[in-house]
Amino acid sequence: MSIDFKPPQPLGSIPNHFDSDDIQSQWGKIREIFAYRNLLKNLIIRDLKARYKNSVLGIVWSLLNPLLMMTVYTVLFTVLIPNDEIKIYPIFILVALIPWQFHTATLMSGTGSIVNNASIIKKVYFPRILLPTAVMLSNFVNFLLASVILLILLYAYGIGLTIHALWLPLILITQLLFLLGLVYILSTLQAFYRDTLMILEVGLLAWFFLTPVFYPFERFGDQADLWGLTFNPARIMRWVNPMASIVDGYRTVLWGNVGSNGPGPMDPLALLRTFVTAVLIFIIGYVVFSRSEHLFGEKL
């Protein structure tokens, strides 16, 4: 893909303290990213085309993948391991599975976004932060396509969208900020340490089991004991695992909770806590990426 743009002047290094010049530099970077919005669009299109190149099903796979996974989990937990406490299990699993697949796909592909584009980085100047951002946005397109299937099934099972679905934009923004921050950190680490991606694969597997995707929070008891310490497992999971709160948020406003008659409202304080965590991760990721990007060329 040919990219036609004029490279701007380098912005220089980022100082170690925040002053008026540093603030102006950050605003300059934001304006520069906006100036390269057409390049961002081209990178997103390139990523989508590369993902479905030589694929028989093409973009239809984005719709079939969550449906097939939903079927596997439904058969497992309603036929082979029956669980009567969870109503309408296909919706229960799908409202959590789609955000989780968005999460894992973004982290796996975004982590290698700098290393995989080494040839471009070495040849021309452009805001490097566009590369992981484009990966996240291309996966967001797949997330939206899969959400269409979820919406159809919500009405097919008689649940539909309720007033509580108005919480969805806030939950989605929280997840997007959290993902961007993580991708900026991981793509930077991968540029310096090539085994980051391999560690991430193992970490995501453990993360999956620590996130209420195929089980509800209500399955946990009020307390658990570990190494002599007594704690509330659901509360600790919400505190240390933002994805647990995000996934449970989608499930609450679209499906409900165990024992409820349908979707319910979000806990504003819980969502605020998760949002603040996501913003902090985003800021940390942005700072880590910005302070390291000038070294990418020599590390690649």
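The values are calculated or read from the model by the stated rules, or taken from the named source; none is laboratory data. Note that the structure is predicted; figures quoted are calculated from it, not measured. Here the Cβ is made from the backbone with ideal geometry for all residues, glycine too, and neighbour counts use every protein chain on show.
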- [ ] Could you figure out which of (1) surrounded by fewer than 13 Cβ atoms within 10 Å (Cβ to Cβ); (2) touching a residue at least 24 places away in the same chain (Cβ under 8 Å) isn't true of Leu80?
- [x] (2)
Task: Pairs with Cβ under 8 Å, 6+ apart, first in segment 233-253 and within 17 Å of Phe282 (Cα to Cα) and at pLDDT 95 or above, second surrounded by fewer than 19 Cβ atoms within 10 Å (Cβ to Cβ) and among the aromatic types (Phe, Trp, Tyr) - done: Met243/Trp207
Task: Exclusive hit being surrounded by fewer than 19 Cβ atoms within 10 Å (Cβ to Cβ) and touching a residue at least 12 places away in the same chain (Cβ under 8 Å), set Ala146, Ala165 - done: Ala165
Open item on the list: What's the total number of residues in segment 80-102 that are over 14 Å from Met70 (Cα atoms) and modelled with pLDDT of 95 or more?
Closed with: 1
Open item on the list: If a residue must be touching a Ser or Thr at 6+ places or on another chain (Cβ under 9 Å) and among the small types (Gly, Ala, Ser), how many such residues does segment 212-259 contain?
Closed with: 4
Task: Of the criteria (1) surrounded by fewer than 16 Cβ atoms within 10 Å (Cβ to Cβ); (2) assigned to a helix (DSSP H, G or I); (3) touching a residue at least 24 places away in the same chain (Cβ under 8 Å), which one Val75 fails - done: (3)
Open item on the list: Suppose we keep only residues that are among the aromatic types (Phe, Trp, Tyr) and either within 10 Å of Ser138 (Cα to Cα) or modelled with pLDDT under 85 (or both) within segment 31-56. Which one would you say is surrounded by the most Cβ atoms within 10 Å (Cβ to Cβ)?
Closed with: Tyr52
Task: Among the candidates Asn38, Asn65, residue that is in contact (Cβ under 8 Å) with a residue 12 or more places away in the chain and farther than 30 Å from Phe217 by Cβ - done: Asn38
Task: Answer residue from segment 256-300, given it is among the small types (Gly, Ala, Ser) and free of Cβ contacts under 8 Å to residues at least 24 places away in the same chain and is surrounded by the fewest Cβ atoms within 10 Å (Cβ to Cβ) among those - done: Ser260
- [ ] Read through the list (1) part of a helix (DSSP H, G or I); (2) of a type outside the set (Phe, Trp, Tyr); (3) farther than 28 Å from Val95 by Cα; (4) within 22 Å of the chain's Cα centre (by Cα), then give the number of the only condition that His294 fails.
- [x] (4)
Task: Among (1) modelled with pLDDT under 95; (2) part of a helix (DSSP H, G or I); (3) farther than 27 Å from Val279 by Cα - the single one Leu154 does not satisfy - done: (1)
